[in-house]
Ligand SMILES: Nc1ncnc2c1ncn2[C@@H]1O[C@H](COP(=O)(O)OP(=O)(O)OP(=O)(O)O)[C@@H](O)[C@H]1O
Ligand SMILES: [Mg+2]
């Protein structure tokens, strides 16, 4: 169950408390996040919306341990990430977070297979185990027949599928998607969202996604708006599942 009002202890998988982020540029201070609270449970699928510059990417970067807050805490499955050293954070990120970006961010000189295998090279898995995981991930995203294609030989929608396979291959605790359909046409966007929905419903993934597209947002169980540095519930529950349907 997603909540934006809890400022005490909870049992949620992801617990964000009093999150502040202020950027300083020259003499200027930009307060982006201002005391933001958020609870996300395992199996939740939440969409973040809000105008350009409202801090959506800033929030995802903090949740993924790519940036550190000015104040406040983020804990995930009991690990408080806001005070980890950068070395520990890198390890934590590799184990717990799958990132999906608008521009796919695939390595052009690597095949689909090799792109998906990349995160596993940081683990202790054997070559055989890696192959099993890569093949399973590519099959989940429907690209079992494109393993040896290079990114330039794939459509945008297929590239994003490879990126999603790469994000799920290490079975992370949660997925962070920053405008995953932002560069796709309607049909490809719908296909990507059908896939993300399937990851939540069939594979019990936890997904936090930024989108500008209200149609895309309706796929999520909860829609939250970033307004003046905090999250506001505006969510219309998905028709086919109850809010907080995940265990
Ligand atoms: N590294 C940085 N240094 C200084 N200011 C920054 C930095 N990153 C972001 N900002 C500022 O913080 C604010 C929020 O930026 P952010 O990228 O999080 O917005 P966003 O909601 O993702 O926007 P968009 O919808 O355009 O992607 C903006 O005013 C931006 O200029
Ligand atoms: Mg952004």
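Just so it is clear, none of the values below were taken in a lab; they were calculated from the coordinates. The model shown is predicted, which means the values in this text are computed figures rather than measured ones. Methodologically, a virtual Cβ is constructed for each residue, glycine included, from the backbone with ideal geometry; neighbour enumeration extends over all protein chains shown.
List of remarks:
- Between residue 22 and residue 202, residue separation times 0.36 nm minus the direct Cα-Cα distance comes to 61.0 nm.
- Counting only DSSP beta bridges with both residues in the chain, the antiparallel share comes to about 55 percent.
- Gained length - residue 90 relative to residue 30, 0.36 nm times residue gap less alpha-carbon distance: 18.9 nm
- Gaussian network model of the chain, Cα within-10 Å springs - most flexible of 184, 63, 125: 125
- Pairwise FRET efficiency - residue 139 versus residue 52, Cβ, R0 = 35 Å, nearest 0.05: 0.45
- The helix-only estimate of mean residue ellipticity at 222 nm for the chain, built from DSSP H runs of length n ≥ 4 each weighted as -39500 (n - 2.57), is -8500 deg cm²/dmol after division by the residue total.
- Treating r as the C-beta distance of residue 129 and residue 233 and R0 as 51 Å, the FRET efficiency rounds to 0.75.
- A Förster radius of 25 Å combined with the Cβ-Cβ distance from residue 107 to residue 68 puts the calculated FRET efficiency at roughly 0.40.
- Part-to-part distance (alpha-carbon centres) for region 135-203 and region 1-77, which is given in Å: 25
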